[in-house]
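Structure record follows, encoded as structure tokens.
The values are calculated or read from the model by the stated rules, or taken from the named source; none is laboratory data. What you see is a predicted model, and the numbers here were worked out from it, not measured in a lab. Cβ sites come from the backbone with ideal geometry, for glycine too, and all protein chains shown count toward neighbours. For the accessible areas, the whole protein counts, side chains as well, though only heavy atoms, and no ligand, DNA or RNA atoms are used. Shrake-Rupley method; radii C 1.70, N 1.55, O 1.52, S 1.80 Å.
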Amino acid sequence: MTAVRRCTDLSSLPSPAPLLSRLSSAASRLLQMRKYGSRKEDGGRLRNGRSSSASRPGFIDPSSWKYFDSRAVGIPAGAIPRNCMTVLQMLKRKGFEAYLVGGCVRDLLLKRAPKDFDVITTASLKQIKQHVFSRCFIVGKRFPICLVRWRGSLFEVSSFKTNTTQVKGNENVNCSEETDGHDEGDILLWKDSLRRDFTVNSLFFNPFNYRVYDYVNGVKDLRKNKVCTVIPAHVSFKEDPARILRGLRVAARLGFQFSSETSTAIRDLSPSIIDIDKTRLAMEMKYMLSYGAAESSIRLLRKYGLLDILLPFQAAYLSDQLKGKSSDRGLMLMNLLANLDKFFSADRPCHCSLWLALLAFHNALVNSPQDAQVIKAFAALMHFGTWDSAIEFLNEDVGAPVTYVPEAFGRSGAKVDNLMERTSHLVSLVKSSVDTLTCLNTLKQSVVRYPGASQFSGLVFVSAREKGRVLGIFNGLDSDLTSYDKRRGSHGIDYKLLEDGVTAEVRFVLGKVIMDTMSAESPCASTDDAAALPRAAADVTDADHRPLSMLFRSGESE
């Protein structure tokens, strides 16, 4: 077989013959079968860094197929968890090919800790269960996968065979004649890359031969800090509206920008997320707000009109507060989210009950503003676990209370009468505000206070189960606080307990986030375009390895 990928290991090799003369007629026929009707832009010239035809399923452009040595850009063997390597090795021992795929490969290239490690293999799901991992579970209807639990770690293992039979339209991508002479492994990976959402999520990594494979210019978009769909954006988002939220998540977490085509499609099709299953919506919101990018995610959701659908009260609040302003610096909601993000990252997330409780807390203050000293007492009580500890903290806190309009007003550090009663009352208000996240009628009543709010979508995605978890955080705080005792054994955060949603751990961190927000220093960034997102890190590397910007430069037009 002739390998058609371009190897840019440590030298620039000429690309193999593209065979376009043999493939042009086949490409036209395949495009007709796939019925991708998006128009060509700019007369068929480069669009978003790739030719308009080459970005469509069915068009084979082997000159864009590339691989490179992972060691050249500093991905050490130790970057892959031992349990994940064991899963890959067990598949390989049974005679199957296995790769890491998707966001984990992207994050390894960016020197970021991956959220998780997804595996794809030439074994069918049935073969995985019968011959490799007998205790795994096959889940999912549209895109079934195996959930493999190995020594406390959970991995999603998908199959090339499932992907080629389950994805709508793939039955028409039969390239046996046109791909004669091409490496079968290339064809397998290339076909799978076409079904994926974004080019930066379409990379494959074989740690056994140290190769990263790229078939849709994913690395090129990585080093340009761009989020681009694999197929035309309008087609991609119509096939699966949840890709809109996944794209926002990628952009928010990495600090990337959307290509113009992708950005336009998000704006045009944002209302379609209303049709996504509520369980899946809740999952996407968890991925956005639990992994250290809540602040930038909220900004992007608002920018593209999605916040009005998903969190209408927060959308109305921000629109009202930002009238006549160019920045959200100083808004309490954004400061709360910024302080939340300080504690979390892709590999160290929190349970969704934490940010849900934070939103409920803020809703309560918007509807019933409180003295800053009361808010500090409330936060200290949750964080330290006893009323005596909270009072001790307040006595040692010599700084002037931070004020927010409209949420918190202060009296320059003066003592507040009936502090215990007012703190208990605030707890009651927060518990009542949980309904603004779970009850449609309560949410409507809260949004009504903002006459300029967008039309109400009628969507509530927070389940009754999560409502119970959030309410449990505040149990016992609205009664006699002198007998309240929720002290923890350690001073640091136990991230495993926090990810599992253990109430004591969530309460402890929630109190700390609010305490930090009420301190004099605020981490909140400006909404100016240059600072609206986290710093991009596409070229981060060390002195001994090549940065991404040096990959694939030979023969490319910038």
Taking first residues from segment 46-75 that are more than 19 Å from Ile187 (Cα to Cα) and in the same structural domain as Trp190 (by the TED database) and second residues anywhere that are open to solvent by 30 Å² or more (accessible area, probe 1.4 Å) and modelled with pLDDT under 85, the pairs with Cβ under 6 Å that are 6 or more apart or on different chains are Asp69/Asp9; Ala72/Leu10; Ala72/Arg546; Val73/His545; Val73/Arg546; Gly74/Thr541; Gly74/Asp542; Gly74/His545
Before we move on, is Arg465 under 14 Å from Leu354 (Cβ atoms) and of a type in the set (Lys, Arg)? no
Among (1) farther than 20 Å from Phe198 by Cα; (2) open to solvent by less than 40 Å² (accessible area, probe 1.4 Å); (3) aliphatic (A, V, I, L, M), Ile274 falls short only on (2)
Hits in segment 62-90 - residues which are surrounded by 21 or more Cβ atoms within 10 Å (Cβ to Cβ) and either more than 26 Å from Arg112 (Cα to Cα) or modelled with pLDDT under 50 (or both): Pro62
Given the criteria open to solvent by less than 20 Å² (accessible area, probe 1.4 Å) and basic (Lys, Arg), does Lys342 qualify? no
Name the residue that is farthest from Lys220 (Cα to Cα), counting only residues in segment 181-190 that are out of contact with any Lys or Arg (no Cβ under 8 Å at 6 or more places or on another chain) and surrounded by fewer than 21 Cβ atoms within 10 Å (Cβ to Cβ). Gly181
Restricted to segment 91-142, and to residues that are charged (D, E, K, R) and buried (at least 22 other Cβ atoms within 10 Å of the Cβ), which residue is farthest from Leu189 (Cα to Cα)? Asp107
Taking Phe456 as the residue in question, decide whether it is outside any helix (DSSP H, G or I), touching a Pro at 6+ places or on another chain (Cβ under 8 Å) and touching a residue at least 24 places away in the same chain (Cβ under 8 Å). yes
Would you mention how many residues in segment 375-408 are crowded, with 21+ Cβ neighbours inside 10 Å and among the β-branched types (Val, Ile, Thr)? 1
State which residue is modelled with the highest pLDDT when the search covers only segment 345-361 and only residues that are open to solvent by 20 Å² or more (accessible area, probe 1.4 Å) and part of a loop (DSSP other than H, G, I, E, B). His351
Given the options Leu497, Leu471, name the one that is farther than 23 Å from Thr442 by Cβ and at pLDDT 90 or above. Leu497
